[in-house]
Amino acid sequence: MTDNTIERRSFLKRLGLSSAILVGGLSSSRIIAETTDGVLVRSDKDYGKFPVERLKQNCIPYDMDSEILKQMSEKRNVFSRNVWDPLRLNRPETEENITYENLVKGKGEIPDQTRLDYALMAASWKYANMDYGGVYSWELQDGMVGGMGLEKLGTWDPEELDMTWNEATAAVKHAALFYGASTAGVAELNPLWLYSDRFSPDRKDRSRALPVRPGDERFGLENDVWYIPESMNRVVAVAFEEDFYGICNSPGRLASAATGNGYSRMAFTASTLADFIRALGYRAIPAGNGIGLSIPMAIDAGLGELGRNGILINPKFGPRIRLAKVITDMPLIPDSPIKFGVTEFCEDCMLCAEHCPSGSIPDGKRTWSGTSVSNNPGVLKWYIHPETCYDFNGFSCSNCKRVCPFNKPNNSWLHKMIREFIELKAGSLNKIMISLDQASGYGEQLSDMDFWKMDGNQSITAREKME
Ligand code: SF4
Ligand code: SF4
């Protein structure tokens, strides 16, 4: 340990003596201290009010067992299994029944399930289901953009504009925000996070899965194998904030509307960002849930940590985000993964497990594997049960986001305190903070009619509310 390097824990303890300074917040990014694994920084812009530890490039904020961890087959995830797995095909169908029960039999008078709620939900999902054959398609374009002839100019070099690759990377992230992302990060692509196969590659045979393999310069489909060049070794992870009050309506239809709105924005932004990169002469594969696992890619790209609820927790937006990604051979500069005390806080907090109506979230310690074939073993984490989660009301439930103490606007004194105590890792105080959080009324369900009576400007999708 150098004179300037201190153990994070002891540093934070010392910092606790003057935590009032932290509560006030700072307006720009600055390094507070060096830690054993990186540096502690504050950046309202990137991280909200949290002090965040930016880890060195070789440090990752999770433990994995390389003997166990393998690429996951896309055929094994719950969405795919709903198409081919007899155990899933025979599940009770929920969607139509719920609509019939609520709108026809209930005559639209059931709270949180009204015609107005359904209309918002239905329209929100309009651009969501486009993983194959829609805006996410990449295989027919050789990863390049059509039109305008920009691809004929070869690959763009930032030096043309006296820019460094760091500045070029910032420009790509700027473009991601321009196209609608709430935040973006870059990581070196870990091939373990790519699916080992591509499920349902065409509509003729939806139970088909074709292997995905690294290709030298091969790109796309050859002899029933999908190739992705090894040179495509960067991923731009993009996150989309979901509407705070919509999620607060969970498990009502407005929460599904917030989710669908996130999915639709994912499709627009990932596909336009991919075309931006292609217009610069590089290859790009945009994806929502397809191609690979978004959460570990986003963690590697510095967008957050994994929570007990199985969701990425971002310092600024908490768990209230959706993720998409663009895989590329543009030599972007990776961001640092981050830590801000999520795992330690989740060890004390059970709110998502207690409020999960389907019992899908474990209330014990982290494990190396889960109980479902849709879990991919080999990472120490909380494995949720995707089948029971999916089967509870399809996409309308977001209780595990609604009740999470990280899912808060940044403008209440209570939540500023919570963030400071989380960061101080004052374990004995976590439980008091969680009780205060509950007593304050945050996390309770917001009725649909209270949502509809609001001025739309109150929606926390408006980014300024998070400052
Ligand atoms: S979405 Fe609902 S059912 Fe699924 S894990 Fe979260 S709380 Fe449980
Ligand atoms: S509700 Fe509590 S345990 Fe669950 S993810 Fe949020 S902080 Fe962690």
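The values are calculated or read from the model by the stated rules, or taken from the named source; none is laboratory data. Everything numeric here is computed off the predicted structure, so don't read it as measured data. Neighbour counts are summed over all protein chains in view; Cβ atoms, including those assigned to glycine, are modelled from backbone coordinates with ideal geometry.
Residue by residue, here is whether (1) farther than 30 Å from E444 by Cα; (2) in a strand (DSSP E or B); (3) in the same structural domain as P405 (by TED's automatic domain parsing) holds:
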{"residue": "R198", "(1), (2), (3)": "yes, yes, yes"}
{"residue": "D205", "(1), (2), (3)": "yes, no, yes"}
{"residue": "R213", "(1), (2), (3)": "yes, yes, yes"}
{"residue": "Y227", "(1), (2), (3)": "yes, yes, yes"}
{"residue": "V238", "(1), (2), (3)": "no, yes, yes"}
{"residue": "S250", "(1), (2), (3)": "no, no, yes"}
{"residue": "S256", "(1), (2), (3)": "no, no, yes"}
{"residue": "G262", "(1), (2), (3)": "no, no, yes"}
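Residues in segment 240-268 that are within 16 Å of ligand 2 (Cβ to nearest atom) and crowded, with 24+ Cβ neighbours inside 10 Å: E242, F244, I247, C248, S250, A255. Scan (1) in the same structural domain as A287 (by TED's automatic domain parsing); (2) part of a loop (DSSP other than H, G, I, E, B) for the single condition T36 breaks and write down its number. Checking T36 against (1) in the same structural domain as A287 (by TED's automatic domain parsing); (2) part of a loop (DSSP other than H, G, I, E, B), the one that fails is (1).
Filtering segment 345-362 to residues that are part of a loop (DSSP other than H, G, I, E, B) and more than 12 Å from ligand 1 (Cβ to nearest atom) leaves C349, M350.
Against the numbered list (1) within 11 Å of ligand 1 (Cβ to nearest atom); (2) modelled with pLDDT of 90 or more; (3) in a loop (DSSP other than H, G, I, E, B), P377 comes up short only at (1).
Scanning segment 356-370 for residues that are more than 8 Å from ligand 2 (Cβ to nearest atom) and closer than 16 Å to C389 by Cα returns C356, P357, S358, G359, S360, P362, D363, G370.
Every residue, every condition in (1) among the small types (G, A, S); (2) surrounded by 19 or more Cβ atoms within 10 Å (Cβ to Cβ), yes or no:
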{"position": "E34", "(1), (2)": "no, no"}
{"position": "D37", "(1), (2)": "no, no"}
{"position": "K45", "(1), (2)": "no, no"}
{"position": "G48", "(1), (2)": "yes, yes"}
{"position": "E53", "(1), (2)": "no, yes"}
{"position": "D63", "(1), (2)": "no, no"}
{"position": "I68", "(1), (2)": "no, no"}
{"position": "V83", "(1), (2)": "no, no"}
{"position": "R88", "(1), (2)": "no, no"}
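For the residues M330, M350, M417, M433, the requirement of being over 19 Å from the mean Cα position of the chain (by Cα) and modelled with pLDDT of 95 or more singles out M330.
Considering the conditions (1) within 16 Å of ligand 1 (Cβ to nearest atom); (2) touching a His at 6+ places or on another chain (Cβ under 8 Å), Y390 is excluded by exactly one of them, (2). Against the list (1) at pLDDT 90 or above; (2) basic (K, R); (3) outside the structural domain of G318 (by TED's automatic domain parsing), the condition K45 fails is (1). In segment 375-387, is there at least one residue being within 15 Å of ligand 2 (Cβ to nearest atom) and among the small types (G, A, S)? Checking segment 375-387: not a single residue is within 15 Å of ligand 2 (Cβ to nearest atom) and among the small types (G, A, S). Evaluated against (1) in contact (Cβ under 8 Å) with a residue 40 or more places away in the chain; (2) surrounded by fewer than 21 Cβ atoms within 10 Å (Cβ to Cβ); (3) among the small types (G, A, S), A301 falls short on exactly one condition, (2).
Taken across segment 310-317, residues that are modelled with pLDDT of 95 or more, within 16 Å of ligand 1 (Cβ to nearest atom) and part of a loop (DSSP other than H, G, I, E, B) do occur, with at least one present. Every condition in (1) under 20 Å from P296 (Cβ atoms); (2) surrounded by 20 or more Cβ atoms within 10 Å (Cβ to Cβ); (3) at pLDDT below 95 is met by E344 except one, and the failing one is (2). Residue pairs whose Cβ atoms lie under 6 Å apart, sitting 6 or more positions apart in sequence or on different chains, and linking a residue in segment 367-394 that is touching a residue at least 24 places away in the same chain (Cβ under 8 Å) to a partner that is more than 16 Å from ligand 2 (Cβ to nearest atom) and part of a strand (DSSP E or B), are G378/M64; V379/M64.
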